[in-house]
Amino acid sequence: MDPMGLLNYALFMGTLIGIYALLALALNIHWGLTGLFNAGVAGFFAVGAYVSAILTGIPASGRIGGFELPVPVGWLGAMLAAGAIAWPIGRICLRLRSDYLAIATIGVAEIIRLVIRSEDWLTGGPRGIIGVPRPFGDLDYMASQAAYLLLVTGVVLVVYWAVERQLRSPWGRMMKAIRDNEAAAAAMGKDVEKRRLEAFIFGSAIMGLAGALFVHFNRSITPEAIDPMIATFLVWIMLILGGSGNNRGAILGAAVIWLIWSLSELLTDRLPADMATQAKYVRMFVIGLMLQLVLRFRPEGILPEESGQRGRKPPASTG
Amino acid sequence: MIPLLSMQDVRGGYGDADILQGVSIDVAPREIVVIVGPNGAGKSTAMKAVVGLLDVRGGQILFDGDDITGWTPDRIVRRGICYVPQVDNVFREMTVHENFEMGAFLRRGDLTAAYDRVYGLFPDLRAKRRNLAGDLSGGQRQMVAMGRALMLEPGLLLLDEPTAGLSPKYMEQIFQIIRDVRDSGVSIMLVEQHAKQALAFCDRGYVLATGANRHQGTGAALLADREVAQMFLGA
Amino acid sequence: MTVVSFINFYLVPGVVLGSIYALGAIGITMVFGILRFAHFAHGDMATLGAFFALALVGAGMGPWTALPFAMIVTAVVAIAVDRGFYEHLAKRPKILTVIASLGIALMLRSVVQVVWGVDPQTYSRGIVRPESFGGILLRPRELYTLATVVALVLGLVAFLKYTRWGKAMRAMSDNPDLARLSGVDNRRVTMLTWATVGALTTASGFMLGINNELTSMMGWSMLLPMFAAAILGGVGRVEGAVVGGLIVGLAEELSVLVMPGQYKMATAFAILLAILVLRPSGVFKGKVL
């Protein structure tokens, strides 16, 4: 590949790494900080993407939206919508065990996917939404890619800083106290359920933001754009590999896994056509296997949590 | 007489700290031994050490000629020590008879005699054999728990607070049953909160406090001991 | 709508689908009850089992003859998956096993996709005309499905109720510590559980495939209904899973009377949420994990 092509590819990859890094940071709030098993990441992502598209895109017949509002409004709308969806789910499921929350979030993602596919008047159905404005989109190709990458990087840094700040705040310390010893925290009068809900909504809003960044990058969104289970799974292994409980780990994991994922795609694209489709599934198998290996040999991830092992040991049994 | 069970200076605990600081308890064949003491004395912990549920870091536990220190619970069960925990000591979703069947899980062959023996000890349960254990009263559940443990015809039976939460009528029944079990050739070690009643009916007793031996002697001697009585004023 | 057409277009498909869900839900409830975690690879294990049967059909066997063999093979695969990927997580928080199972789901699905591709397949070609039983239309495969499900459920219930190891499994589900103290070998029970789960989930995948078609996503699409059924019936309760499965299946088929057809899948989710809100222990009062 020629140098220009390589550079373009790197810019493209960088942007996607940034978007996935946002998702991993958000999942870290859910899982690393609060111990919530959100298996519906893709759902919140999709909501954010579609809401931003509806708010900022050009009108299309048979579909609401096309308000052509400024991009920041779209992003804000994306975050609000994702958070709004998280609220009822959280109210219902957070007090039950992680397994149940996982199933419920899988269900949420499925419902969202169904709605996206079926409600043409809202989402454009299978056609999706096109004509979504892209910041810096008027520049020529490489400059535009670079500008967007800078934008995404900026957002990631801001979110990283915001999350880190929250973690060091009294709220963050309380969350860690709840995670490490829920019984003690509850006995001290902390409203455990409310705190968890806050964390759930906070993380979901960031997932919505990631969706918005994605849709403006692509200038369009269709139901096929992202395979929900693959995307959710990738974010999970990004977090586990990078180090759950650790924000830098989340970003690192995003970079590592996305690099592996897309470089392996480069490799398999060179195979003859009939093998290439199968290769996609081989790559998925390998990613699934990687998760097992990480869980077995390095469950704390590359960057373990700074304040010690993020493993919730069951309470010691007493005589 | 060589003791059936001999705990010698046993130390151990669950996490980093040691709960037992050198406990020594002997149980002879055909004997009822009671362990009493204030809360947190390590009584239940000492029992768990015998049955393999504790991290033993010092001392020895000998049973019927074997050194069973560090053995896993199922190996100890096979060797002939059966344990009835204080709580969660029955299979609530299984019938009384199925509980006994699970008690005899490791045994093969004709078990009619064993069932007869256990139902003989707990005649009230015969009528309830098809009832779910979880549906029974506290006292009857305790009997099911003991019956399950006795199906393996152990040499040593360990009971953790068998009369906890039971009415005086059931408590007396349980004590009588324990005497019957001893008379049939089984040794029993039990932990008890109802110290006075337990010391009255046992053969020998040990008083533990803060994980170590304090007093020991026959039940009668301990009851007469003023220091022991002081410990349990109002027990 | 006449009673007969109601039966033919809603009741029969509902019961058939419900019995397929019931078989799957039994596996889920057994893993919940005995091994104490949510097994997210369950659906894709069904897919794998169904495709094993397809391979045997391709080699010349009749579909229903292939089923028992496919069940045995998948039982072995289930044990292997446990030994290879779940066993070493046993002493850690259970949620890690759940995460691992999500990865196993992906791995099993991708095996199917690599080996058999993603295009829909069938066990047999040709249109099958239903037979009329006094106006009620039933296809042979639907009859076989119902008969097989009944046989499998009765067989399992008998196994759990009357055999030594069946009781050991129930004991482990009831009180694992006491089971260990009674000398029950944990590893053996785990192995038996996985064998049973693998076999039953294969049957549910097979029956989904034979009544519709086989796709690589078919098992995953059953996951939500199966979990809804298991939780509705009461986690850990086999009879609850059967009842739950039937309810979810019927509800799904009846839902088109009140909702647009594309939202059939949402029925299971609605049931799941309703149960979690109203009565998390389920109809038959299972465990609340």
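The values are calculated or read from the model by the stated rules, or taken from the named source; none is laboratory data. Given the structure is predicted, the values throughout are model-derived calculations rather than measurements. Please note: Cβ atoms are built from the backbone with ideal geometry, for glycine as well, and neighbour counts cover all protein chains shown.
What the table shows:
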{"read-out": "Matching residues in region B:52-90 - criterion: being in a strand (DSSP E or B) and more than 14 Å from chain C (Cβ to nearest Cβ)", "value": "B:ASP55, B:VAL56, B:ARG57, B:GLY58, B:GLY59, B:GLN60, B:ILE61, B:LEU62, B:PHE63, B:ASP66, B:ASP67"}
{"read-out": "Complete set of residues in region C:257-266 that are more than 7 Å from chain A (Cβ to nearest Cβ), in a helix (DSSP H, G or I) and farther than 16 Å from C:TRP220 by Cα", "value": "C:LEU257, C:GLY261"}
{"read-out": "Members of region B:154-181 found to be surrounded by 19 or more Cβ atoms within 10 Å (Cβ to Cβ) and among the charged types (D, E, K, R), listed by number", "value": "B:ASP160, B:GLU161"}
{"read-out": "Selection from region C:63-98 of residues that are assigned to a helix (DSSP H, G or I) and within 7 Å of chain A (Cβ to nearest Cβ)", "value": "C:PHE85, C:HIS88, C:LEU89, C:ILE95, C:LEU96, C:VAL98"}
{"read-out": "Considering residues of region A:30-81 that are among the aromatic types (Phe, Trp, Tyr) and out of contact with any strand residue (DSSP E or B) (no Cβ under 8 Å at 6 or more places or on another chain) only, the residue farthest from A:ARG173 (Cα to Cα)", "value": "A:PHE67"}
{"read-out": "Residue, farthest from the other protein chains (Cβ to nearest Cβ), within region C:235-256, restricted to residues that are surrounded by fewer than 20 Cβ atoms within 10 Å (Cβ to Cβ) and farther than 29 Å from C:ILE34 by Cα", "value": "C:LEU254"}
{"read-out": "Among residues of region C:22-59, those that are outside any helix (DSSP H, G or I) and under 8 Å from the mean Cα position of the chain (by Cα), counted", "value": "0"}
{"read-out": "Qualifying position, being buried (at least 17 other Cβ atoms within 10 Å of the Cβ), aromatic (Phe, Trp, Tyr) and within 14 Å of another protein chain (Cβ to nearest Cβ), among A:TRP236, A:TRP258", "value": "A:TRP236"}
{"read-out": "Test: residue in region B:126-135 that is without any contact (Cβ under 8 Å) to a residue 24 or more places away in the chain and either surrounded by 16 or more Cβ atoms within 10 Å (Cβ to Cβ) or more than 14 Å from chain C (Cβ to nearest Cβ) (or both)", "value": "yes"}
{"read-out": "Extreme residue, surrounded by the fewest Cβ atoms within 10 Å (Cβ to Cβ), among residues of region A:93-108 that are touching a Phe, Trp or Tyr at 6+ places or on another chain (Cβ under 7 Å) and among the aliphatic types (A, V, I, L, M)", "value": "A:LEU94"}
{"read-out": "Residue in region C:85-107 that is surrounded by 19 or more Cβ atoms within 10 Å (Cβ to Cβ), aromatic (Phe, Trp, Tyr) and under 22 Å from C:ARG36 (Cα atoms) present", "value": "yes"}
{"read-out": "Some residue of region A:24-42 being surrounded by fewer than 21 Cβ atoms within 10 Å (Cβ to Cβ), at pLDDT 90 or above and more than 14 Å from chain C (Cβ to nearest Cβ)", "value": "no"}
{"read-out": "Output for region A:51-92, where each listed residue is crowded, with 17+ Cβ neighbours inside 10 Å and outside any helix (DSSP H, G or I)", "value": "A:GLY57, A:ARG63, A:GLY65, A:GLY66, A:LEU69"}
{"read-out": "Evaluation of C:PRO93 against (1) more than 23 Å from A:GLY288 (Cβ to Cβ); (2) without any contact (Cβ under 8 Å) to a residue 24 or more places away in the chain (one fails), failing number", "value": "(1)"}
{"read-out": "Single unsatisfied condition, A:ALA109 versus (1) closer than 20 Å to A:GLU68 by Cα; (2) touching a Ser or Thr at 6+ places or on another chain (Cβ under 8 Å)", "value": "(1)"}
{"read-out": "Test for C:VAL277: is it out of contact with any Asp or Glu (no Cβ under 9 Å at 6 or more places or on another chain), more than 12 Å from chain A (Cβ to nearest Cβ), surrounded by fewer than 19 Cβ atoms within 10 Å (Cβ to Cβ) and over 23 Å from C:THR196 (Cβ atoms)", "value": "no"}
{"read-out": "Among (1) within 14 Å of chain A (Cβ to nearest Cβ); (2) within 19 Å of the chain's Cα centre (by Cα); (3) in a helix (DSSP H, G or I) - the single one C:SER216 does not satisfy", "value": "(3)"}
{"read-out": "Single match in C:SER182, C:SER173, C:SER255 (criterion: of a type in the set (Ser, Thr, Tyr), closer than 30 Å to B:GLY52 by Cα and without any contact (Cβ under 8 Å) to a residue 24 or more places away in the chain)", "value": "C:SER182"}
{"read-out": "Tally, over region B:24-40, of residues that are crowded, with 24+ Cβ neighbours inside 10 Å and of a type outside the set (Val, Ile, Thr)", "value": "1"}
{"read-out": "Any hit, region A:270-287, residues being hydroxyl-bearing (Ser, Thr, Tyr) and surrounded by fewer than 24 Cβ atoms within 10 Å (Cβ to Cβ)", "value": "yes"}
{"read-out": "Counted residues, region A:239-290 - those being in a helix (DSSP H, G or I), over 17 Å from A:ILE17 (Cα atoms) and of a type in the set (A, V, I, L, M)", "value": "10"}
{"read-out": "Test: residue in region C:10-27 that is farther than 21 Å from C:ALA151 by Cα, surrounded by fewer than 24 Cβ atoms within 10 Å (Cβ to Cβ) and not small (Gly, Ala, Ser)", "value": "yes"}
{"read-out": "Sole residue being touching a helix residue (DSSP H, G or I) at 6+ places or on another chain (Cβ under 6 Å), touching a residue at least 12 places away in the same chain (Cβ under 8 Å) and over 14 Å from A:VAL215 (Cα atoms), chosen from A:ILE112, A:ILE129", "value": "A:ILE112"}
{"read-out": "Condition met for C:LEU138 (surrounded by 13 or more Cβ atoms within 10 Å (Cβ to Cβ), at pLDDT below 90, within 14 Å of another protein chain (Cβ to nearest Cβ) and in contact with a strand residue (DSSP E or B) (Cβ under 7 Å, 6 or more places away or on another chain))", "value": "no"}
{"read-out": "Qualifying residue in region B:20-27 (condition: in contact with a helix residue (DSSP H, G or I) (Cβ under 8 Å, 6 or more places away or on another chain), within 14 Å of chain A (Cβ to nearest Cβ) and either at negative phi or modelled with pLDDT under 90 (or both))", "value": "yes"}
{"read-out": "Yes/no for A:ARG270 being under 24 Å from C:ILE95 (Cα atoms) and charged (D, E, K, R)", "value": "no"}
{"read-out": "Among the residues listed as A:ARG117, A:ARG113, A:ARG95, the single one being within 14 Å of chain C (Cβ to nearest Cβ), among the basic types (Lys, Arg) and assigned to a loop (DSSP other than H, G, I, E, B)", "value": "A:ARG95"}
